[in-house]
1. Taking only pairs six or more apart or across chains, which ones have beta-carbon atoms under 6 Å, a first residue in the range 104-130 that is touching a residue at least 12 places away in the same chain (Cβ under 8 Å), and a second residue that is polar (S, T, N, Q) and part of a helix (DSSP H, G or I)?
2. Considering only the range 55-68, how many residues are modelled with pLDDT under 85 and crowded, with 16+ Cβ neighbours inside 10 Å?
3. Return the residues of the range 31-46 that are closer than 11 Å to Ile96 by Cα and either within 13 Å of the chain's Cα centre (by Cα) or without any contact (Cβ under 8 Å) to a residue 24 or more places away in the chain (or both); say none if nothing qualifies.
4. Scan Glu83, Glu68 and give me the residue that is within 19 Å of Arg24 (Cα to Cα), among the acidic types (Asp, Glu) and touching a strand residue (DSSP E or B) at 6+ places or on another chain (Cβ under 7 Å).
Amino acid sequence: MKISIKQQKTYSRELDEQAFSVVRLRNEHIPRLGGTGCWVKICNAKGKAIYRMAKGAGAIDIPVDALELDYEGFRALNSWSKEKPVDGLYPCILFITKANRLEALKAHWFHPNLAYSVPMRLGYIGLGLGLIGFVMSAVSLVRG
């Protein structure tokens with residue numbers, strides 16, 4: 001399900017800045033995107049996409065057609081508006097969909113925080129090499 005977003009603002013919670021990969025949406029959108037902590041794809045009108053983990057707004061009052069996103073996400077999507085914000089909300093045209101498994105893998109691999117992405121990359125490489133070793137040993141057992 002695609003959700004259309006027409007307003008955006010920066011985080012209102014300081015801890016979200018440290019998380020670095022969170023997008024806050026109105027709570028009613030979360031079940032349609034796969035639940036809290038599910039990876040989502042955020043696209044601008046030109047098709048440029050970023051991946052973030054969906055979180056509910058909780059007690060924060062976010063309009064139905066708005067989201068909270070980190071500064072790096074705004075820059076990556078080039079979604080800043082030259083118009084003045086109304087109640088801290090900038091106008092934008094964004095679309096949010098649930099990320100499929102390949103996109104979730106891509107989100108881990110290209111995560112902007114190196115402390116997160118490097119261990120994930122090493123884990124995926126180790127898994128791949130382990131699978132290759134397993135296949136090679138299975139083939140050698142079958143061939144005798």
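The values are calculated or read from the model by the stated rules, or taken from the named source; none is laboratory data. Everything numeric in this text was worked out from a predicted model, so none of it was measured. For neighbour counting, all protein chains shown are included, and Cβ atoms are generated from backbone atoms with ideal geometry for every residue, glycine included.
1. Listed pairs, sorted by first residue: His111/Ser117.
2. 2
3. Leu33, Trp39, Val40, Lys41, Ile42, Cys43, listed by residue number.
4. Glu68
Yes or no, residue by residue, for (1) under 15 Å from Pro63 (Cβ atoms); (2) of a type outside the set (A, V, I, L, M, F, W, C); (3) at pLDDT 80 or above; (4) not assigned by TED's automatic domain parsing to the domain that holds Glu68:
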site: Lys9; (1), (2), (3), (4): yes, yes, no, no
site: Ser12; (1), (2), (3), (4): yes, yes, no, no
site: Gln18; (1), (2), (3), (4): no, yes, no, no
site: Arg26; (1), (2), (3), (4): yes, yes, yes, no
site: Lys48; (1), (2), (3), (4): no, yes, yes, no
